[in-house]
1. Name the single residue that is nearest to A:M397 (Cα to Cα) among those in the stretch A:436-480 being more than 8 Å from every other protein chain (Cβ to nearest Cβ) and outside any helix (DSSP H, G or I).
2. Test each condition in (1) assigned to a helix (DSSP H, G or I); (2) within 17 Å of the chain's Cα centre (by Cα) for B:P166 and report the one that comes out false.
3. Under 30 Å from B:E54 (Cα atoms) and either out of contact with any helix residue (DSSP H, G or I) (no Cβ under 9 Å at 6 or more places or on another chain) or not aliphatic (A, V, I, L, M) (or both), is that true of A:K428?
4. Please pick out the residue among A:A233, A:A262, A:A254, A:A229 that is touching an Asp or Glu at 6+ places or on another chain (Cβ under 6 Å), at pLDDT 95 or above and of a type in the set (A, V, I, L, M, F, W, C).
5. State all residues of the stretch B:156-198 that are of a type in the set (D, E) and either in contact with a Phe, Trp or Tyr (Cβ under 9 Å, 6 or more places away or on another chain) or touching a residue at least 40 places away in the same chain (Cβ under 8 Å) (or both); if no residue qualifies, say none.
6. Based on what the data block shows, is B:F83 under 20 Å from B:A162 (Cα atoms), under 16 Å from the mean Cα position of the chain (by Cα) and hydrophobic (A, V, I, L, M, F, W, C)?
7. How many residues does the stretch B:113-154 hold that are in contact (Cβ under 8 Å) with a residue 12 or more places away in the chain and part of a helix (DSSP H, G or I)?
8. How many residues does the stretch A:407-433 contain that are more than 9 Å from chain B (Cβ to nearest Cβ) and closer than 19 Å to A:G369 by Cα?
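The values are calculated or read from the model by the stated rules, or taken from the named source; none is laboratory data. Worth saying up front: this structure is predicted, and the values here are computed from it rather than measured. For neighbour counting, all protein chains shown are included, and Cβ atoms are generated from backbone atoms with ideal geometry for every residue, glycine included.
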Amino acid sequence: MADNSTDILEQRVEQEYQAGFVTDVEQETFPPGLDEDVIRKLSAKKREPEWMTEWRLSAYRKWLEMKEPTWANITYKPVDYQAISYYSAPKSQADGPKSLDEVDPEILRTYEKLGIPLHEQQMLAGVAVDAVFDSVSVATTFREKLAEAGVIFCPISEAIREHPELVKKYLGSVVPQGDNFFAALNSAVFSDGSFVYIPKGVKCPMELSTYFRINAMNTGQFERTLIIAEEGAKVSYLEGCTAPMRDENQLHAAVVELYAHADADIKYSTVQNWYPGDRETGVGGIFNFVTKRGLAAGRRAKISWTQVETGSSITWKYPSCVLKGDGSVGEFYSVALSKGRQQADTGTKMIHVGKNTTSTIISKGISAGHGQNTYRGQVKILKGADNARNFSQCDSMLIGDQCGAHTFPYIDVQNPSAGMEHEASTSKIGEDQIFYCNQRGIDTEDALSMIVNGFCKEVFNELPMEFAVEARKLLEISLEGSVG
Amino acid sequence: MSLLHVKNLHVRVEETEILKGVDLEVNMGEVHAIMGPNGSGKSTLAQVLAGREEYEVTEGQVLYKGQDLLELPPEDRAREGLFMAFQYPVEIPGVSNVYFLKAALNAIRKHREQEEMDAMEFLSYVREKMKVVKMEETLLQRPVNEGFSGGEKKRNEIFHMAVLDPVLGILDETDSGLDIDALKIVAEGVNSLRSEKRSFVVITHYQRLLNYIVPNHVHVLVDGKIVRSGGKELAEELEDKGYVWLEDKLEMPVGV
C-alpha cells in the first residue's frame, strides 16, 4: 500500500473511532478529591441531564453515611478516597509508554504466548497508537449488524443521553445506590461502561465480545454496565481480556446490573487478568471491588455468570442472582487463581424468591505461591420460594505449602420444601499425580497445567469456545514456575 | 550389552535403608520376575528405576541402554522407553484418558524426533491398542482412572503400556487386587506385548501371576537383597514352601 493511501485510511479510521466510541476528547484530569462539586463537574463534563446529576449526588450522600466493609478475608492498606482523581479524560499520547520497549517484559512475554496481534498488544499495554485498523473496522461492522437486530450496544454515557427512558428505569434497579460501600461510590462517580438492550424475542446475533475488547479501553476505574433483556430475549456477553492490561488506577469499583424479563436468558462471562502486583511484595496490583448482580425478574428467566479470575492483587467479587420470577434459574461458574501475594475473596449469592427456582454454583479455587483464596457464598431461600433447588460444589486446589484455601458457605432456608445439596473438597496437587504424568513422558510444567485444567473443566465448558481456549492458555501461563 | 544393569544398588528413604546392594541384569527380550515378602523392597526397586524423588540412592549404579539411568529425570526415562505400571494408578480428574495418552505419546515422539500425531491419527492408533486389553471405548473418554474399578485401573496401565510402546516394562504388583478373570486379561495383554525388542521386570508377591506370564528368570528379594535367583521353577518352589523357607536360610551362603 502506498504511503498516501495509508494516510487516508488512517485518517478515516480515526474519524470513525472518534465518532463511534470516544465522546470526550479533552485532555483534562480533575485534581484529586471528592465532594458534591466534583460530582457536578464530572456530570457536566459528560454532558449529562439534570436527573443523572441528581442520581449521582443522592448516591454520594448515601456513600458518606457508609463504612468500608471489613468482613472479607483480605488485608490491604486503607484506600484514601480523597487522593483519587475522579475524572480523567481518555489517555493522551503523553501518558503512556512511547513504545513496547518501555513495557514490562514479563507482560510482553504473556502477550506473545497468548498469540495477541501486535496492534492489540500495543493497545493493551497502553502504547499510543493512532489507529487499530482491523479492530476498529470489525467493531463498526458489528455495530451495524447489531443495530439491524434492534440491539442497542453502546457506552453507558451515550445511553444516558440517547436512551434516557431505559437508563432511568433500570439503572440501580438491580444494585441500588446504597447497596454497599463500593456500589454507592460507583453510583456517584462511575466513569463509563457498557449498555446493552435486547428487545423482546430477539436472540442477539453474536457474542458481545470483540467489540467490547475495544470498547472497554480506558473506561476508567469506576465501570458501570447495564444489560437488559426483554421477554424471550437472549444475549451472551463477554467481559474483559485475557491479557494483562496496563492500568495506573489501583482501585477498581465496578457495578454490573443484569435485568432479565420472562423467558429471557443472559449469560455473562468474565476473564479478568488485571495486573496482580509484584510477585514478592504485591506492590502495584489492582484492588478489584466489584458488585455484580442479575435479577431474573420474570418467569423462567435465566441468569448465568461464568468467571475466570486470575489477576488483581485483591479480588472482592460476588456475582449474584435474585431469582424472583417463578421457575427462574441462576448459575455461577467460577475459577479463581491466587498466586504470588494475591488475595481473592469471591463467590456468589443466590436469592430464591419465586417458586420452583433453581440455582447451581460450581466454584474452583486454586492457590499457589503465597496466594490466599476464599470462596464465600450465600444461598437464601425465602418463605414463598416453594420447591426451590440449589446445588453447590466448591473445590479448592493447593499448589505448594505456602498458600491457603478457605470456604465460607452461608445457607438460609425459610421454606421447608427447599432442596439443597452442597459438596466441597480440598486437594493438594499431589506429587503422585505429577510423578504419574512424568512417568508417562510428560514434563512437570505440562503436567501441572493439565491437572489444573482438568480441575477447572466444568467451568471452562461454560465459556464460549474461543474464550475457553484463551482462558486455558492464560491459566497455563499464570502457573508457570509454581512447581519445582 | 544388557538393557538394564543394576549394580550394588543401595537406597534409603529418610533414615531407613531399604535396598542393601541389589544386582540385576536384564537382557533384551527377557522377562524377569522379582518376588519377595511384604516390605522386602520390591516396590522401592520399581520406584527408584522409574525416578521417584523421595528415594535416595546412597551407593551403586544403574545402567540403562548403557547410560546412567539415575542421572535422568523421570520424564526422560519414560521418553527413553522405560515404563512402569503403577501398583496404585493415580486419578487425574477432568483429564480424559485419551487426551492424557495423546499428550504422553507425543511428548515421547517429540523426544525421539518423530512427528507428533494429530487427533485423527491418534484415535485410530489407539483403537488398535485397545484390543490388547479388551478396553471398552467408554474408558477412553473418562477421566484418567477416576471412578475406575480396581481391575479397570490395572487394565488401563497395560493399555497405557501398549500405546506408549516401551522398551522396558516394569510391572509393580500389577496382580494385586485382581480377580482371576481380570488377571488373565492383564496377563494376556502383557504376553501379546512380549517380543525380542522388549523386556519386562515383573514384580509380584504371589506366584499366581507367573502361571500366566512365564518369566525367563526369577529373583527373590528379601530384606533389601536378592537372595536367590533361578528359572521359573523357583517361583513354584516358593509357592510350596513360602518365603520363610528362604528367610531361614539367609544365614547360609546362597547362590546368586
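1. This residue is A:E480.
2. So B:P166 meets the others, but not (1).
3. yes
4. Unique residue meeting the criteria: A:A262.
5. B:E157, B:D165, B:D172, B:E173, B:D175, B:E188, B:E196
6. yes
7. The number of residues fulfilling the criteria is 17.
8. 4
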